[in-house]
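One structure is given below, encoded as structure tokens.
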Amino acid sequence: MNVLLVSGSPHPEGSTVTALREVGAALQKNGVETTLFRLGPRPVRGCIACNGCDTAGSCVFHDAPYDELLALAKQADGFVFGTPVYYAGPNGAFCALLDRLFYSAGRVLSGKPGASVVSCRRGGASASFDRLNKYFTINRMPVVSSQYWNSIHGNNAEEARQDLEGLQTMRTLGNEMAYLLRSLEKAGLARPAREQGVATNFIR
């Protein structure tokens with residue numbers, strides 16, 4: 001089993017990666033392998049609703065962050081998406097990347113457990129946490145919980161390591177993710193059949 005830890009931070013070793021590493025350490029302690037993907041400062045194109053992915057099977061824009069993340073997602077059994085909080089929301093470049101990934105290749109992630117992690121200096125954590133969780137709940141993904149909202153506080157990695165409650169929340173999240181993955185593997189149940197999609201438009 002492998003869980004993909006995805007950092008949407010432009011900083012390679014900031015507070016977001018600090019939180020993800022804490023989750024990863026708990027997963028590894030439970031015998032679950034992890035892979036860390038960093039978005040970094042690379043530019044990311046946003047979705048333009050061209051629907052070209054309907055026929056291409058992936059986004060028609062092939063920038064490095066998207067292609068790398070999609071390739072890793074295909075090999076993952078679970079996901080933890082982490083972001084810093086900017087203007088009371090997730091990093092915009094990260095949301096642009098996730099919008100394209102989930103819209104064009106949601107089938108790759110569907111059915112696999114997901115969790116989100118947010119880091120902030122002070123406020124905006126709950127709004128960012130809510131935004132990321134929506135990717136899971138509209139894509140038929142079990143959402144993994146912890147003992148509190150999955151947030152860590154600090155202006156940098158050093159300060160984040162002083163947030164003992166936040167670090168404990170991350171470890172609990174890793175333990176819960178490992179438990180759910182093992183439970184799903186042991187149960188070996190087939191996923192529910194998917195109905196043909198229905199789109200209701202209120203303006204004709």
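Could you tell me whether segment 72-183 comes out rounded, prolate or oblate from its Cα gyration tensor? Rule is a ≥ b ≥ c as square roots of the eigenvalues, rounded for a/c under 1.5, then prolate if a/b exceeds b/c, otherwise oblate.
The shape class here is oblate.
So what's the back-of-envelope 222 nm ellipticity for the chain, counting only DSSP H runs of four-plus at -39500 (n - 2.57) apiece and dividing by all residues, rounded to 500?
-14000 deg cm²/dmol
Fewest Cβ neighbours within 10 Å first, please rank Thr169, Thr83 accordingly.
The order, fewest Cβ neighbours first, is Thr169, Thr83.
Using the Karplus curve 6.51 cos²θ - 1.76 cosθ + 1.60 with θ = phi - 60°, what ³J(HN,Hα) values do you get for each residue of segment 139-144, in whole Hz, with x for Gly and Pro?
So the Karplus estimates, Gly and Pro as x, are 10, 6, 10, x, 9, 8 Hz.
How big is the antiparallel share of DSSP beta bridges in the chain, given as a percent to the nearest 5?
10
Using amide H atoms built 1.01 Å from N in the peptide plane, name the residues 5+ places from Ser119, or on other chains, whose amide H lies under 5 Å from its own.
Close amide H contacts, sequence-distant or interchain: Thr83, Val85, Ile152.
Name the long-range amide H neighbours of Asn155: under 5 Å, sequence gap of 5 or more, or other chain; modelled H, no Pro or chain starts.
Ala160
Please arrange Arg182, Arg122, Arg38 by how many other C-beta atoms lie within 10 Å of their C-beta, fewest to most.
Arg122, Arg182, Arg38
Where the centre of each part is set by its Cα atoms, how far does segment 18-52 sit from segment 126-204, in angstrom?
That distance is 13 Å.
Within the chain, what is the longest stretch that has no chymotrypsin sites (Phe, Trp or Tyr not before Pro) placed in a DSSP loop and near at most 13 other beta-carbon atoms within 10 Å?
Segment 1-86 is the longest.
Please label the shape of the chain as rounded, prolate or oblate, based on the square roots a ≥ b ≥ c of the eigenvalues of the alpha-carbon gyration tensor (a/c under 1.5 means rounded; beyond that, a/b larger than b/c means prolate, else oblate).
oblate
Taking the Cβ of Asn139 as the center, what net charge do the other residues with Cβ under 11 Å away carry, scoring Lys and Arg +1 and Asp and Glu -1?
Residues close to Asn139 contribute a combined charge of +4.
Subtracting the Cα-Cα distance from 0.36 nm times the residue separation, let me have the gained length for Lys74 to Gln168 in nm, one decimal.
Here the segment from Lys74 to Gln168 would lengthen by 30.9 nm.
For Thr34, which sequence-distant residues (separation of 5 or more, or a different chain) have an amide H within less than 5 Å of its own amide H, given hydrogens modelled in the peptide plane?
Val3
Any idea which of Gly89, Thr34, Met177 is furthest toward the positive side of the dipole for segment 2-187, if Lys and Arg beta-carbons carry +1 and Asp and Glu beta-carbons -1?
Met177
Charges at C-beta only: +1 for Lys and Arg, -1 for Asp and Glu. How large is the resulting dipole of segment 2-187 about its Cα centre, in Debye rounded to 20?
220
Between Asp130 and Asp54, what FRET efficiency comes out of the Förster formula 1/(1 + (r/R0)^6) with R0 = 41 Å and r the beta carbon distance, rounded to 0.05?
Given R0 = 41 Å and the Cβ-Cβ separation, E is 0.90.
Put +1 on the Cβ of every Lys and Arg and -1 on every Asp and Glu Cβ in the chain; which of Asn156, Ala190, Gly166 then has its Cα farthest towards the positive end of the dipole?
Value computed over the given set: Ala190.
Select from segment 107-204 those GluC sites (Glu not before Pro) which occupy a DSSP coil region and have at most 11 other Cβ atoms within 10 Å, ordered by residue number.
Of the GluC sites (Glu not before Pro), the ones in loops of segment 107-204 whose Cβ has at most 11 other Cβ atoms within 10 Å are Glu195.
No lab work stands behind these numbers, since they all come straight from the coordinates. All values derive from a computational prediction rather than experimental measurement. Every residue, glycine as well, gets a Cβ built from its backbone with ideal geometry; the counts of neighbours run over all protein chains shown.
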